[in-house]
Amino acid sequence: MELFIRIIQFFLCFTILVGIHELGHFVMARIFRIRVDKFYIFFDPWFSLFKFKRGHTEYGLGWLPLGGYVKIAGMIDESMDKEYQNNPVQEWEFRAKPAWKRFLVMIAGVVMNVVLAIVIYCGVCYTWGESYFSNEDARWGYNFDEAGERLGFRDGDRFVSIDGERIDDLPQILNMLFITEKDRTVVVERAGEEVELGLPLDSLIAMRQNKGFENFFTLRQPFLIDSVVLPGAAMLQRGDEIVGIRISEEESYGNLEFRDYKALLQLHAGEEVELEVLRGADTVALTLPVSAEGTLGVVAANPYTLRTKHYTFWQSIPAGFRKAGRTIASYWQQLKLIVQPKTKLYEEVGGFLSIGSIFPGHWNWEDFWLKTAFLSIILAVMNILPIPGLDGGHAIFTFWEMITGRKVSDKVLEGAQYVGLILILALLLYANGNDIYRFFIK
């Protein structure tokens, strides 16, 4: 059932993204009175799932979910239909329009994907607000894995700033550390003092290559008391924090996490232990019995909760723009890193399985719309790249014509289209091959 829900979300998202993108080309073409021969969601080699014709345009749903297309009269596109070149230029053809109109038709799909992302982010901010974990709430600091310790971090450190920018939430930390083209300077709070750490770019890249960021740091879990359930723990109060355990004159422990204190108590089941308890601003010592099961007889509290920033309708609009802008900037930075051979981050490139795997096995509208907006940004950025066959490739030739006044020949456009299709096919094969290796072989 979970797999079915993932598949449904993937196809619904993909249909929305493709439909909006192609609608942009379609609407802009019709605004300039350019005839559109076909408008298809998904590709339709050999046959389509259904189709109908209205006016000069055939609308349909293809069976191959690798994208979609609009076939614009008088334009070289993925169909490689060149028959129009043998006929006189008609006023309703793409090639008959001035360069600036053709340029707008070409970038309209990308613009629509960005607009879609902005609208979704505005709607999510208004409906659900923005939920996040604030770095300020991590007052017990973080635990770091071996890779983090090699960079100079120590358990209990709390992030203060990265390159002088104050840290607000956890995703911001990961983005700034692992989506970067330069060394980073991190300031952490350690035992009440601020400590500066220099993180070399090579080390950050190596951690990312080895997936070291996945467990780079975790929140420290203190032993906070929520409630008392056994009489032996009656001296403890809600809100108390156990910060140390003394077993004997020679054996005492402090600055541990909840799980460590719990394991220690189980080793001394049936005995008495002396606890160092932080109660408000005071520290008190209490001697309590450990049950035969190795517990104190208390329920521990989870001190961490997400914060939610709520917006009015009018506040949600600039918030949506800001969120879209941050997402575009972050993904563009990520893309620049991936294409650099020395980083070897091209190994992270994934295909349809990777995209589908980001959707959860349960239905959550807020999560669905956030992922749809994010993928819409990705689709926009990828399509605007100056690669023949993509919108950016078509647009760059038209932009050249706008600047120089010289139109690129049909033969050059045709050759570029073939090159672009080969590049796109190679990228699809590589990305989906990576998926097969990661999900079924590795």
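Out of V186, V114, L170, whose Cα points farthest toward the positive end of the dipole of segment 76-194 (charges: +1 Lys, Arg; -1 Asp, Glu; placed on Cβ)?
Selected residue: V114.
What ranking, highest mean first, results for peptides 290-300, 190-200 when packing means the other Cβ atoms within 10 Å averaged over each residue?
290-300, 190-200
I'd like the distance between the alpha-carbon centres of segment 224-243 and segment 254-302, rounded to an integer number of Å.
Centre-to-centre (Cα) distance: 9 Å.
Short version: ³J(HN,Hα) in whole Hz for each residue of segment 325-336, in order, from phi by Karplus 6.51 cos²θ - 1.76 cosθ + 1.60 (θ = phi - 60°), x for Gly and Pro, what are they?
x, 5, 5, 4, 4, 5, 5, 5, 4, 4, 5, 4
Find the percent of Cα-Cα distances in segment 28-77 that exceed 13 Å, and round it to a whole number.
Tail of P(r) above 13 Å: 57 percent of Cα pairs.
Report the one residue of A319, G280, A233 whose Cα lies farthest in the direction of the positive end of the charge dipole of segment 226-321 (charges on C-beta: Lys and Arg +1, Asp and Glu -1; origin at the Cα centre).
Of A319, G280, A233, it is A319.
As I understand it, the dipole of the chain uses +1 on the Cβ of Lys and Arg and -1 on the Cβ of Asp and Glu, about the Cα centre. Which of N215, G129, I72 lies farthest toward its positive end?
Toward the positive end, the furthest listed residue is I72.
What size of dipole, in debye to the nearest 20, comes out for the chain about its Cα centre when the only charges are +1 on Lys and Arg C-beta atoms and -1 on Asp and Glu C-beta atoms?
2960
Please report Rg (one decimal) and Dmax (integer) in Å for the Cα set of segment 292-442.
For segment 292-442, the Cα-based Rg and Dmax read 22.8, 88 Å.
Roughly how many Å² of V273 are accessible to a 1.4 Å probe, to the nearest 10?
Per-residue accessible area (V273): approximately 0 Å².
At a threshold of 8 angstrom on Cα-Cα distance, excluding pairs fewer than six apart, so keeping six or more, what relative contact order does the chain reach in percent?
So the answer I get is 18 percent.
If you plug each phi of segment 191-197 into the Karplus form 6.51 cos²θ - 1.76 cosθ + 1.60 with θ = phi - 60°, what whole-Hz ³J(HN,Hα) values come out, in order, with x for Gly and Pro?
Once rounded to whole Hz, the list reads 6, x, 10, 8, 10, 9, 10.
For the chain, take the longest principal axis of its alpha carbons; what is the angle in degrees between that and the long axis of helix 410-436, to the nearest 10 within 0 to 90?
Helix 410-436 sits at roughly 30 degrees to that axis.
With an 8 Å Cα cut-off and a minimum separation of 6 or more residues, compute the relative contact order for segment 1-64 in percent.
26
For segment 109-241, what's the relative contact order in percent, using C-alpha pairs closer than 8 Å and at least 6 residues apart?
Reported relative contact order: 22 percent.
In the structure shown, do any of K97/K407; K71/K101; K71/K97; K51/K101; K71/K407 have a Cα-Cα gap over 19 Å, and if so which?
K51/K101; K71/K407
V111 accessible area, nearest 10 Å², 1.4 Å probe?
Around 70 Å² of this residue is reachable by solvent.
The values are calculated or read from the model by the stated rules, or taken from the named source; none is laboratory data. Just so we're clear, the structure is a prediction, and the values are computed from it rather than from any experiment. Virtual Cβ from ideal backbone geometry, glycine too; neighbours counted across all protein chains shown. Heads up: the accessible areas ignore ligands, DNA and RNA and are worked out on the full protein's heavy atoms, side chains in. Shrake-Rupley method; radii C 1.70, N 1.55, O 1.52, S 1.80 Å.
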